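Have a look at the structure below before the remarks.
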Amino acid sequence: MAVAQQTFEQLKTAGLAEIDPEIAELLGREADRQRGQIELIASENFTWPSILEAIGSVPTNKYAEGYPGNRYYGGCEIVDEMEELARNRAKELFGAEHANVQPHAGAQANMAVYFAALSPRDRVLGLSLDHGGHLTHGLKVNFSGKLYEFHHYGVARETMMVDYDDVLARAKEVRPRLIVCGGSAYPRAVEADRFREIADEVGALLMCDMAHFSGLVAAGLHPNPVPYCDFVTSTSHKTLAGPRAGFVLCREEHASKVDRANFPGMQGGPLMHAVAAKASCFRIAMTDAFTDYPRQVRANADALAAGLVDGGFDVLTGGTDTHLVQLDLRATDWTGLAAQERLEECKLTANRNTVPFDERPPKVASGVRLGTPAATMRGFDEHDFREVASIIGGALQDDPDVEALRARALALCDARPLYPGFRGYTSYAAP
Ligand code: DSN
């Protein structure tokens, strides 16, 4: 398409809508999409307006390879203060001895720990992906599965929960250098204290990936893995409700190895605007006001699980200890893929997910992973989530009235507007 000509002077002052109407229009449409559907993807959230402001700020202009007080570029004195704040707040929030707040996302946080703790081909034991793990926990096509010899434990067929006796038996068999606990589709609490006992018994290091539930940990609603683990990794954009980014917490004895693994080991310049936003997210998470939010996330997850069970569905493990509910569709004619598509027609966004012992491939799957963080952020309560469960029940009938179900979902969205304080796609107006 023809691109409008701008002068250099105009480029220096114009807002996005003026400079790039196509992207501005897409951003507006994405904001409308987020506002006009019920977001149930367990790993997504709507971050605070203050975080949107920080993530769109001027440190995006700054290079700062290295760490506070020890950089390779001039002019880092202010970003040093930002990173110090972020590190200190992360340590205080989770009771950690050391924090590295530079990883761009959760995968990089995990990579930093692997680079710090392991040599190529070392043995690692983690939760298998189809039982709720994560692709960076040793999937063959992922760097983790290519560089290291990953072995996996799973959940027990009878309970669909981690069987710690089985983990111990696997650990004795495998003799891993590192055990990884946590995952991305496990609805129950991760008992890091029990993993610690197992790690000690086989002389392994222990890492917990708390990316999904770190907001619950911050609020004291999930056991804190930090006291039991050598390393804890997380994202800041899931239940923690911050910017899209990652971080590592570790014991002091591993601090310099983690820092060196991250830089110069794998990343270049940290995204300092994201570091600033992480600092603010940690500050918010320390407040009493924040605690109300994960409390509601948990209450809503219980209401959603109960509503689905009352509607005749199987929910993995019968419920949840977290923000995450796994719908198990094996007793129905639905595949996860077909269910995801039907829910989307009804303005509910979720993702298909394999369930443990699934016979279908991941792209089809027999489950749907649901989560409450995003809708809770826009104000949904237990009553609303009972209604969500009822809409899901209606949608997964043979011949549903999709129009009527969509209207019910949109009525919930209208009653609980997203970002009511501003219009458009950003929390502050362009100059
Ligand atoms: N993609 C994230 C999730 O959905 O859990 C994890 O990387």
How far apart, in nm, are the 7 Å Cα→Cβ label points at S119 and D292?
-> 5.5 nm
If you plug each phi of the range 40-56 into the Karplus form 6.51 cos²θ - 1.76 cosθ + 1.60 with θ = phi - 60°, what whole-Hz ³J(HN,Hα) values come out, in order, with x for Gly and Pro?
-> 10, 5, 5, 9, 9, 7, 10, 6, 5, x, 5, 6, 4, 5, 5, 6, x
Net length gained if the chain between F8 and R175 were fully extended (0.36 nm per residue, minus Cα distance) | 53.9 nm
With a/c under 1.5 counting as rounded, go ahead and sort the range 177-309 into rounded, prolate or oblate using the C-alpha gyration tensor (a ≥ b ≥ c being the square roots of the eigenvalues; past the cut-off, prolate if a/b is larger than b/c, else oblate).
-> oblate
Which value, in Å³ per residue, describes the convex hull spanned by the Cα atoms of the range 286-431?
-> 141 Å³
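Which peptide among 69-80, 311-322, 102-113 comes first, and what is the full order, when sorted by highest mean count of other Cβ atoms within 10 Å?
Top of the packing list down: 102-113, 311-322, 69-80.
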How would you rank F282, F357, going from fewest to most other Cβ atoms within 10 Å of each one's own Cβ?
-> F357, F282
Taking the Cα-to-Cβ direction at L135 and at E30 and moving 7 Å from each Cα, how far apart do the two end points lie in nm?
-> 1.8 nm
Which values of log₁₀ I(q)/I(0), to two decimal places, follow from the Debye formula for the range 101-208 at q = 0.20 Å⁻¹ with a uniform point scatterer at every Cα?
-> -1.03
Can you pull the one-decimal nm distance between simple spin-label points at D310 and R260, each 7 Å off the Cα toward Cβ?
-> 5.8 nm
Based on Cα positions only, what radius of gyration and what Dmax would you give for the range 299-367, in angstroms?
-> 11.6, 32
Each residue of the range 196-201 in order: what ³J(HN,Hα) in whole Hz does its phi give by Karplus 6.51 cos²θ - 1.76 cosθ + 1.60, θ = phi - 60°, with x for Gly and Pro?
-> 4, 4, 5, 4, 5, 5
Rounded to the nearest Å, the spacing of the alpha-carbon centers of the range 188-266 and the range 389-431 is 34 Å
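Test of understanding: ordering I23, I41, I51, I179 by Cβ neighbours within 10 Å, fewest first, what list do you get?
So the residues, fewest neighbours to most, are I23, I41, I51, I179.
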Under a 5 Å amide H to amide H cut-off, with H placed in plane at 1.01 Å, what residues pair with V315 once short-range neighbours are removed?
-> D328
Footprinting proxy, S214, S390, S280: sorted fewest to most Cβ within 10 Å, the residues are S390, S280, S214
Whole-angstrom gap from the range 99-139 to the range 1-69, using each part's C-alpha centre = 29 Å
Excluding R408 itself, what net charge comes from residues whose Cβ is under 14 Å from its Cβ, given Lys and Arg +1 and Asp and Glu -1?
-> -2
From the cross-link list K172/K363; K146/K172; K12/K238; K278/K347, the entries with a Cα-Cα span beyond 26 Å are K172/K363; K12/K238; K278/K347
Assuming a ≥ b ≥ c are the square roots of the Cα gyration tensor eigenvalues, decide whether the range 1-59 counts as rounded (a/c under 1.5), prolate (otherwise, with a/b larger than b/c) or oblate.
-> oblate
When the label point is put 7 Å from the Cα of R194 along its Cα-to-beta-carbon vector, which residues of the range 209-227 have a backbone N closer than 17 Å?
-> 209, 222-226
Classify the chain: rounded, prolate or oblate, from the alpha-carbon gyration tensor (a ≥ b ≥ c, eigenvalue square roots; a/c under 1.5 rounded; otherwise prolate if a/b is larger than b/c)?
-> oblate
Would you calculate a helix-derived [θ] at 222 nm for the chain, using -39,500 (n - 2.57) for each DSSP H run of n ≥ 4 and dividing by the full residue count, to the nearest 500?
-> -12500 deg cm²/dmol
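Quick note: the coordinates plus some simple rules give every number you see, no bench work behind them. The structure displayed is predicted, hence computed values, not measured ones. Positions of Cβ are backbone-derived with ideal geometry, glycine not excepted, and every protein chain shown enters the neighbour counts.
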